[in-house]
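A quick write-up on the structure given underneath.
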Amino acid sequence: MSAELVCFSERCRATFPVTEPIYNCARCGSLLETRYCGDHLPAQMLKTLWRGRRTSNAPLDQSGVWRYREMIPFLDNYDSVVTLREGNTPLLPGPKAAQYGGLDFLAFKHQGFNPTGSFKDNGMTCGASQAVRLRMKRVACVSTGNTSASMAAYSSAAGLQPIIFIPHGNISYGKLAQALEYGAKTFQVEANFDQILALVRTLADKLGIYLLNSVNPFRIEGQKTIIVEMMDQRDWSPPDWIVLPGGNLGNTSAFGKALRELREWGLIEKMPRLAVVQAAGSAPFYDLMQTADRSALRAVDHPQTLATAIKIGDPVSWPKALHEVVSSGGVVEMVTEQEIADAKAIIGLCGIGCEPASAATLAGIRKLTAAGVIARDADVVAVLTGNVLKDPDYIYRYHTGQLDAPGAARIQPTFGNQPIVVPNDADKIAALLD
Ligand code: F0G
């Protein structure tokens, strides 16, 4: 099978070699995607092959991304692959969350089980492997935290120099700490995510640094495998809905592409609907979906949310995401800070836990079932994008009633769980427990 880069714009569709270090169409400036030509193995053979690899000790087979390498054949050989055994994330039932969300049953696909604790690892193994293939020395990204943590780990593992740019004071310490520990040169810029992305693109062009933001089409290829693995875990029976948080909208693009390709290859019979959930103070994609003319996204200049991972006002991948949401018959919802915080606590009470942005999924489900968009008996999978320990400060503040939303409105600790200070006295503690 051969691979090429193709312009995403319907009107252009210019093609470029897969070995060009480009992120946008040289002719019209639109986003690029990876396209494959040639024959693939029949669906049943692929399913059997992938299942068999689960018992293998080979690094490529142990990776929950490269196990499905027939779906992402953009490399000529696998010498450049850098893997930390990403993917392999569980599908976990959350009965309390289902009840809270107005559903009979709900499963979480928890990407927080990845090596650096977020779904970014699925894409980064591909982006970093492509960087090695292209003989790049330095890689860069702007990030709300998780991309930078992941890029730092994968590029250090590959012997590349990671350079990251983050909005000063606007990412959680857990994520910043990871970037430092994994050895990234780290710049905290006095600007928001969208402004820094423009800056980094200029720098990358000027200095010949490879960009590993989600405009990088190979990141999207890797993130497709979240869906492939989900279908494998469900014995190729697609759910009715897949719910995910939306920030820069790379993941929405990846999920849609994966579903289309799985269907084309005969691996699934029907298309699940995508439901993308944004934070109310940072919801340009939600706004776009409310308008009749969807030819241009109106950016939110000063996005606001405590779910810093999705604090993005001008998502670059919106044209792809729009196509995927519309063609899956999907919807976009938005939720308040209070709704995110309470949903997050409920996911915690399932013994699962996640970071704030991920909890937007359950908050969105609750709204969508109440509105009758998602039926109570629907088969729903929510994708939790990041680990509970990514943002412990948020958790402590919520449970102790000290969490303030942007604009200083206090979040109510509806499901708060205060730690109790006690004397070193067994009788008093026993009395408290009674
Ligand atoms: N959830 C988490 C935990 C994230 O870190 C992100 C994005 C998203 C959801 C949204 O995904 O951008 O594909 O729509 N984080 C990026 C970062 C922007 O820099 O780590 P998206």
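Among the residues of region 263-287, the one identified as of a type in the set (A, V, I, L, M, F, W, C) and without any contact (Cβ under 8 Å) to a residue 40 or more places away in the chain is Ile268. Any residue at all in region 294-302 that's among the hydroxyl-bearing types (Ser, Thr, Tyr) and at pLDDT below 95? Yes, region 294-302 contains at least one residue that is among the hydroxyl-bearing types (Ser, Thr, Tyr) and at pLDDT below 95. Only helices (runs of 4 or more DSSP H) whose full extent lies in region 305-413 are considered here, and the ones with at least 1 residues that are of a type in the set (Phe, Trp, Tyr) are 318-327, 392-399.
Scanning region 173-193 for residues that are near the ligand (Cβ under 9 Å from one of its atoms) and among the basic types (Lys, Arg) returns a single hit, Lys175.
Restricted to region 197-213, and to residues that are modelled with pLDDT of 95 or more and within 14 Å of the ligand (Cβ to nearest atom), which residue is surrounded by the fewest Cβ atoms within 10 Å (Cβ to Cβ)? Only one residue fits best here, namely Leu211.
If I ask for residues that are more than 29 Å from Thr116 (Cα to Cα) and small (Gly, Ala, Ser), which ones from region 345-374 would you list? Scanning region 345-374 gives Ala370, Ala371, Gly372. Can you tell me which residue within region 275-326, out of those that are polar (S, T, N, Q) and within 15 Å of the ligand (Cβ to nearest atom), is most open to solvent (accessible area, probe 1.4 Å)? Here the residue is Thr308. Within region 233-274, if we keep just the residues that are among the hydroxyl-bearing types (Ser, Thr, Tyr) and within 21 Å of Gly123 (Cβ to Cβ), the residue that is farthest from the ligand (Cβ to nearest atom) turns out to be Ser253. Of all the residues in region 148-172, those that are near the ligand (Cβ under 9 Å from one of its atoms) and open to solvent by 10 Å² or more (accessible area, probe 1.4 Å) number 1. Within region 328-337, the residues that satisfy the criterion of being open to solvent by less than 50 Å² (accessible area, probe 1.4 Å) and either free of Cβ contacts under 8 Å to residues at least 24 places away in the same chain or within 13 Å of Gln278 (Cα to Cα) (or both) are Val331, Val332, Glu333, Val335, Glu337. All of (1) within 16 Å of the ligand (Cβ to nearest atom); (2) farther than 23 Å from Ile346 by Cα hold for Phe108 with one exception: (2). For region 41-65, taking the residues that are touching an Asp or Glu at 6+ places or on another chain (Cβ under 9 Å) and not in a helix (DSSP H, G or I), the one that is surrounded by the most Cβ atoms within 10 Å (Cβ to Cβ) is identified as Val65. Among residues of region 311-327 that are farther than 19 Å from Leu274 by Cα, those with a beta-carbon under 8 Å from a residue that is charged (D, E, K, R) and part of a helix (DSSP H, G or I) at least six positions away or on a different chain give the pairs Ile312/Asp194; Gly313/Asp194; Asp314/Asp194.
The values are calculated or read from the model by the stated rules, or taken from the named source; none is laboratory data. Owing to the predicted nature of the structure, the values given are computational and were not obtained by experimental measurement. Virtual Cβ from ideal backbone geometry, glycine too; neighbours counted across all protein chains shown. Heads up: the accessible areas ignore ligands, DNA and RNA and are worked out on the full protein's heavy atoms, side chains in. Shrake-Rupley method; radii C 1.70, N 1.55, O 1.52, S 1.80 Å.
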